Each structure stands twice: as C-alpha cells, then as structure tokens.
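Take a look at the structure below.
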Amino acid sequence: VQLQASGGGLVQAGGSLRLSCAASGSIFSINVMAWYRQAPGKQRELVARISRAGSTDCEDSVKGRFTISRDNAKNTVYLQMNSLKPGDTAVYYCYALELRIGQIWGQGTQVTVSS
C-alpha cells in the first residue's frame, strides 16, 4: 500500500492550499488517516486526523483554519488549509493506519508560506 500526497506549494500569508493524499495498493480497510508536519529543526507533529467514521481532531494552532476530510470510497484524505501563516511552513506528511498492514507514511509535500 502506498500513499501519494499532492497539493503543496508556495503561498503568501493569508492564502489557502488544499493537500490531497490517496492510498493505493492492496487495501483492506483504513481506519485513521492523518496529516503530520515537520518544520526545519523541529520534531514531526500531528496536524489533524480523521477516523473512518469521520471523527476529527486537530492541533490547537490550526483550529478554525485547517479542515481535514476524507473520501472512504477513494481512500483519500484532504487537508484544506486557510489563513496560512509563515509558521505553517513545513513538510507535510500523510499517514494511514491500515488494519492489516499497520502504519503507512506517504512522501512529504512542501508547504511554504511567505510573509
């Protein structure tokens, strides 16, 4: 099973980006899907996660600005990021917990927010 992320880029502060991450391969059932990020010199941190049933939670600094969603039929998770700040600059990684395989990480996608 592979996760393919897309949608990163360069945006000015206050702008928006939408990240997508699609799982492919021999998928039985994906429980949790999530987005993490890692800024230079910092540890990777959870940004937001969503259960198969649609329950979500997110890191305090992105509440009200970022929204996570998923399409179970497409095994795809999205992260809508609004009101972006320079502090959101990081490499964003998608994550999935597949019931047979366990944890799966996608390749990172760079998000850069200029001031």
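Only one of (1) under 13 Å from the mean Cα position of the chain (by Cα); (2) surrounded by fewer than 14 Cβ atoms within 10 Å (Cβ to Cβ) is not met by PRO86, so which one is it?
The single condition PRO86 does not satisfy is (1).
Got at least one residue in region 26-46 being part of a strand (DSSP E or B), in contact with a strand residue (DSSP E or B) (Cβ under 8 Å, 6 or more places away or on another chain), of a type in the set (S, T, N, Q) and free of Cβ contacts under 8 Å to residues at least 40 places away in the same chain?
No, because not a single residue in region 26-46 is part of a strand (DSSP E or B), in contact with a strand residue (DSSP E or B) (Cβ under 8 Å, 6 or more places away or on another chain), of a type in the set (S, T, N, Q) and free of Cβ contacts under 8 Å to residues at least 40 places away in the same chain.
Against the condition open to solvent by 10 Å² or more (accessible area, probe 1.4 Å) and in a strand (DSSP E or B), how does LEU79 come out, does it pass?
no
Taking THR112 as the residue in question, decide whether it is of a type in the set (Val, Ile, Thr), in a strand (DSSP E or B) and free of Cβ contacts under 8 Å to residues at least 24 places away in the same chain.
No.
Could you count how many residues in region 3-23 are surrounded by 12 or more Cβ atoms within 10 Å (Cβ to Cβ) and either aromatic (Phe, Trp, Tyr) or not in a loop (DSSP other than H, G, I, E, B) (or both)?
So the count comes out to 14.
Looking only at region 95-113, count every residue that is touching a helix residue (DSSP H, G or I) at 6+ places or on another chain (Cβ under 7 Å) and surrounded by fewer than 13 Cβ atoms within 10 Å (Cβ to Cβ) and tell me the total.
0
Here are some conditions: (1) free of Cβ contacts under 8 Å to residues at least 24 places away in the same chain; (2) open to solvent by less than 30 Å² (accessible area, probe 1.4 Å). THR67 meets all but one. Which one does it not meet?
Of the numbered conditions (1) free of Cβ contacts under 8 Å to residues at least 24 places away in the same chain; (2) open to solvent by less than 30 Å² (accessible area, probe 1.4 Å), the odd one out for THR67 is (2).
Only residues in region 75-97 that are touching a residue at least 24 places away in the same chain (Cβ under 8 Å) count as the first member; pair them with residues that are part of a helix (DSSP H, G or I), Cβ under 8 angstrom, at least 6 apart or cross-chain, and list the lot.
Here the result reads MET81/VAL62; MET81/ASP88; GLY87/SER61; ASP88/VAL62, each pair linking region 75-97 to a residue that is part of a helix (DSSP H, G or I).
Since GLY54 meets every condition but one in (1) out of contact with any strand residue (DSSP E or B) (no Cβ under 6 Å at 6 or more places or on another chain); (2) more than 26 Å from SER115 (Cβ to Cβ); (3) open to solvent by 80 Å² or more (accessible area, probe 1.4 Å), which condition does it not meet?
Of everything listed in (1) out of contact with any strand residue (DSSP E or B) (no Cβ under 6 Å at 6 or more places or on another chain); (2) more than 26 Å from SER115 (Cβ to Cβ); (3) open to solvent by 80 Å² or more (accessible area, probe 1.4 Å), GLY54 misses just condition (3).
Here's the yes/no breakdown for (1) at pLDDT 95 or above; (2) closer than 15 Å to LEU3 by Cβ; (3) of a type outside the set (Asp, Glu):
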residue: ASP60; (1), (2), (3): yes, no, no
residue: ARG65; (1), (2), (3): yes, no, yes
residue: ARG70; (1), (2), (3): yes, yes, yes
residue: THR76; (1), (2), (3): yes, yes, yes
residue: LEU79; (1), (2), (3): yes, yes, yes
residue: LEU84; (1), (2), (3): yes, no, yes
residue: TYR92; (1), (2), (3): yes, yes, yes
residue: LEU97; (1), (2), (3): yes, yes, yes
residue: ILE101; (1), (2), (3): no, yes, yes
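The values are calculated or read from the model by the stated rules, or taken from the named source; none is laboratory data. Given the structure is predicted, the values throughout are model-derived calculations rather than measurements. Please note: Cβ atoms are built from the backbone with ideal geometry, for glycine as well, and neighbour counts cover all protein chains shown. The protein model used for the area step is the full one, side chains on, heavy atoms only, and it has no ligands, DNA or RNA in it. Shrake-Rupley method; radii C 1.70, N 1.55, O 1.52, S 1.80 Å.
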